[in-house]
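Notes follow once the structure below has been shown.
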Amino acid sequence: MARLFWLVCMAALVGAIAVGVSWAAAYTSVGKLLGAPPPQMGSQSTTLLWRGARQFPGHPRAWLFAFAPTLIPGAPSVQIYVTPTGRIMRTYPPDLESRLKAFHNTGY
């Protein structure tokens with residue numbers, strides 16, 4: 001019984017480390033997208049869509065980073081979908097990258 005408990009604890013630890021590494025990769029990708037220094041993005045919420053992102057064909061698992069209210073012109077709220085390996089899948093608004101470039105060029 002003690003061996004089973006030990007194996008369950010080790011499996012939970014490995015799972016927690018895997019989720020942590022996945023979040024770090026996704027967070028780094030979002031940081032690269034937002035640029036340095038990042039604009040004021042308001043409050044942030046991060047969600048692991050474990051059952052899959054229903055907006056995408058095949059419902060892949062993804063991290064959802066949501067920000068509101070932002071100072072980016074034309075984007076009062078922002079959603080960024082990132083794969084567990086750290087690749088950006090989609091952003092809302094879809095032209096977020098060009099809006100960020102314009103924002104950084106204005107000198108805010």
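The values are calculated or read from the model by the stated rules, or taken from the named source; none is laboratory data. Predicted model only: the values in this text are computed from it and were never measured. Positions of Cβ are backbone-derived with ideal geometry, glycine not excepted, and every protein chain shown enters the neighbour counts.
Please specify each residue of segment 62-81 satisfying the condition of being touching a Gly at 6+ places or on another chain (Cβ under 6 Å) and not in a strand (DSSP E or B).
P69, T70
List the residue pairs whose Cβ atoms are under 8 Å apart, where the first residue sits in segment 97-108 and is among the hydroxyl-bearing types (S, T, Y), the second is at pLDDT below 85, and the two are 6 or more positions apart or on different chains.
Y108/P39
Can you name the residue in segment 82-108 that is in a loop (DSSP other than H, G, I, E, B) and touching a Pro at 6+ places or on another chain (Cβ under 8 Å) and is also nearest to G20 (Cα to Cα) among such residues?
Selected residue: T83.
Quickly run through segment 46-61 and pick out the residues that are part of a strand (DSSP E or B) and touching a Lys or Arg at 6+ places or on another chain (Cβ under 9 Å).
L48, L49, listed by residue number.
Please go through segment 24-44 and give me each residue that is under 14 Å from the mean Cα position of the chain (by Cα) and not in a helix (DSSP H, G or I), ordered by number.
Within segment 24-44, M41, S43, Q44 qualify.
Which residue is modelled with the highest pLDDT, if the candidates are limited to segment 85-107 and must be of a type in the set (A, V, I, L, M) and out of contact with any helix residue (DSSP H, G or I) (no Cβ under 7 Å at 6 or more places or on another chain)?
For segment 85-107, the residue satisfying everything is M89.
Checking the condition surrounded by 10 or more Cβ atoms within 10 Å (Cβ to Cβ), farther than 30 Å from A102 by Cα and not acidic (D, E), which residue from V19, V30 passes?
Going through V19, V30 in turn, just one is surrounded by 10 or more Cβ atoms within 10 Å (Cβ to Cβ), farther than 30 Å from A102 by Cα and not acidic (D, E): V19.
Check segment 29-49 and report whether any residue there is under 30 Å from N105 (Cβ atoms), touching a residue at least 60 places away in the same chain (Cβ under 8 Å) and out of contact with any His (no Cβ under 9 Å at 6 or more places or on another chain).
Yes, the conditions are met somewhere in segment 29-49.
Among residues belonging to segment 78-108 that are more than 14 Å from the chain's Cα centre (by Cα) and among the small types (G, A, S), point out the one that is surrounded by the most Cβ atoms within 10 Å (Cβ to Cβ).
A102
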